[in-house]
Amino acid sequence: MYNAKAYSAASATSPLASAVIARREPTEHDVQIEILYCGICHSDLHQVRNEWSGVMPTVYPCVPGHEIVGRVTRTGSAVTKFGPGDLAAVGCMVDSDGTCPECQAGLEQFCPNFVLTYNFPDKHTGGVTYGGYSDSIVVDQRFVLRVPSNLDLAGAAPLLCAGITTYSPMRHWGVTKGKKVGVVGLGGLGHMAVKFAHALGAHVVVFTTSPDKKDDAVRLGADEVVLSRDTGQVAKHAGSFDFILDAVAAAHDINAYVNLLRRDGHIVMVGAPEQPLPVSVFGLLIRRRSFSGSIIGGIAETQEMLDFCGQNNITADVEVIPIQKVNEAYERLVRSDVKYRFSIDMASLRSH
Ligand SMILES: NC(=O)c1ccc[n+]([C@@H]2O[C@H](COP(=O)([O-])OP(=O)(O)OC[C@H]3O[C@@H](n4cnc5c(N)ncnc54)[C@H](OP(=O)(O)O)[C@@H]3O)[C@@H](O)[C@H]2O)c1
Ligand SMILES: [Zn+2]
Ligand SMILES: [Zn+2]
């Protein structure tokens, strides 16, 4: 074991603060990464504040962060994919059993024995896993990804969660040229969804509660922008969408969007509000619509997404912050005041 610098929360009501954590020495299949940037996902905030206590109660101290890019510093003897000095990335998962039907299908995100990057039992240390708000991390090479060399690293970090979480459902439900696609909520996930849907050739409509994000939505690739609190504007799109991705982090009226789907249209939740959302069954019966959910994506698909971003020069729009501003960033996240992802420059932790 060795000591790493990190930022951790001691309880659901404490701010994140500087801490020292124990990491394992790399074993033969492990890659040790010096973390350069880590994105701030709204899931980090949900988890730090124990807002998902019913599903995934938080174990404290909690070191969040699952949008990690950095440089390889050491590798185990059996590591073939990476060498010291290589760029590398880690997303939401750091392990899975590798043998179940989900893993065999490349869908590690549905493995019953997967291990999330933070707040999950860690078989190596006996505690829980610690995430990317840290100066280094040690991860099995199966869960380490390659970063295309043309991408800006601060903007690439959010691809590891916000990117794959929006790319995967669009591929699964066949977003292509000619499809009408809605994106609800222009935050970290939402703005990546707009970029991907646009790059895939769809007609993209953004639904936002924030009038000041209208111009940005168009710049990011939206063909139309609707203020979601204007029910008249929303209703004009009734029965017209093939696919809607809902990336809202709080309780909201889902039925207004169900009614916008055409026959056999899909609305997919990627947002994870703490409270259940009531769904009108009649909205689904009519026009055989479906309401689904999706969570991150498998490792092979995450690499595919990163390569797609490399080819299309896609990164997140980031506000780079030092780690000392992380608590302020959380307050701004709650107010939907981020354009469109915070990315922590981990040099600020090293000099701390
Ligand atoms: N399924 C997965 O695998 C997965 C992965 C990562 C994150 N998530 C979840 O996805 C959600 C979004 O994450 P994020 O990091 O993108 O968060 P975020 O940056 O905070 O974006 C959420 C956006 O939702 C909109 N919004 C917020 N409160 C709202 C309200 N009361 N009513 C309507 N709209 C509201 C805002 O957009 P406007 O200003 O445009 O209205 C806000 O920018 C979180 O719940 C997160 O935990 C899920
Ligand atoms: Zn996330
Ligand atoms: Zn498995």
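Take the Cβ atoms of Arg229 and Glu28, set R0 to 56 Å, and the FRET efficiency comes out at 0.50.
What is the gain in length, in nm to one decimal, between Asp264 and Asn312 on full extension, counting 0.36 nm per residue of separation less the C-alpha to C-alpha distance? Don't skip to the end; give the middle numbers.
Numbers: separation 48, 0.36 × 48 = 17.28 nm, distance 3.02 nm.
Residue separation times 0.36 nm, minus the Cα-Cα distance, leaves 14.3 nm.
Between Leu277 and Arg74, the modelled labels are 4.5 nm apart [label points 7 Å from Cα along Cα→Cβ]. Normalised size of the chain, defined as Cα radius of gyration per 2.2 N^0.38 Å with N residues, equals 0.97. The base-10 log of I(q)/I(0) for the stretch 173-257, evaluated at q = 0.13, 0.17, 0.21, 0.24 Å⁻¹, reads -0.34, -0.60, -0.94, -1.25 [Debye formula, identical scatterers on Cα atoms, solvent excluded].
Among Ser136, Ser168, what is the fewest-to-most ranking by other Cβ atoms within 10 Å?
Ser136, Ser168
Each of Gln303, Ser351, Gly283 was placed along the dipole of the stretch 273-352 (beta-carbon charges, centred on the mean Cα), and the one lying farthest toward the positive end is Gly283.
Between Lys177 and Arg335, the FRET efficiency estimated from the beta carbon spacing at R0 = 51 angstrom works out to 0.90. Relative to the dominant Cα principal axis of the chain, helix 162-172 is inclined by about 50°.
Once the C-beta distance of Lys236 and Gln324 is scaled by a Förster radius of 56 Å, the resulting FRET efficiency is 0.75 to the nearest 0.05.
Nearest-5 percent of antiparallel DSSP beta bridges in the chain? The answer is about 55 percent antiparallel.
In the stretch 1-156, a dipole from Cβ-located charges (positive for Lys and Arg, negative for Asp and Glu) runs towards its positive end, and of Tyr2, Cys38, Ala78 it is Tyr2 whose Cα lies farthest in that direction. In plain terms, the chain from Gln303 to Ser53 could stretch by 86.9 nm, reckoned as 0.36 nm per residue minus the Cα-Cα distance.
The distance between label points at Asp253 and Ser290 comes to 2.7 nm (points 7 Å beyond Cα on the Cα→Cβ vector). Residues Lys5, Lys180, Lys195, ranked from the fewest to the most other C-beta atoms within 10 Å, line up as Lys5, Lys180, Lys195. Distance between the 7 Å Cα→Cβ label points at Asp215 and Asn3: 4.9 nm. Just so you know, the Cα atoms of the stretch 280-344 work out to an Rg and Dmax of 18.1, 51 Å.
Read-outs: derived from the displayed coordinates by stated rules, not from any lab. Bear in mind that the values here come from a model prediction, so they are computed numbers and not experimental data. Positions of Cβ are backbone-derived with ideal geometry, glycine not excepted, and every protein chain shown enters the neighbour counts.
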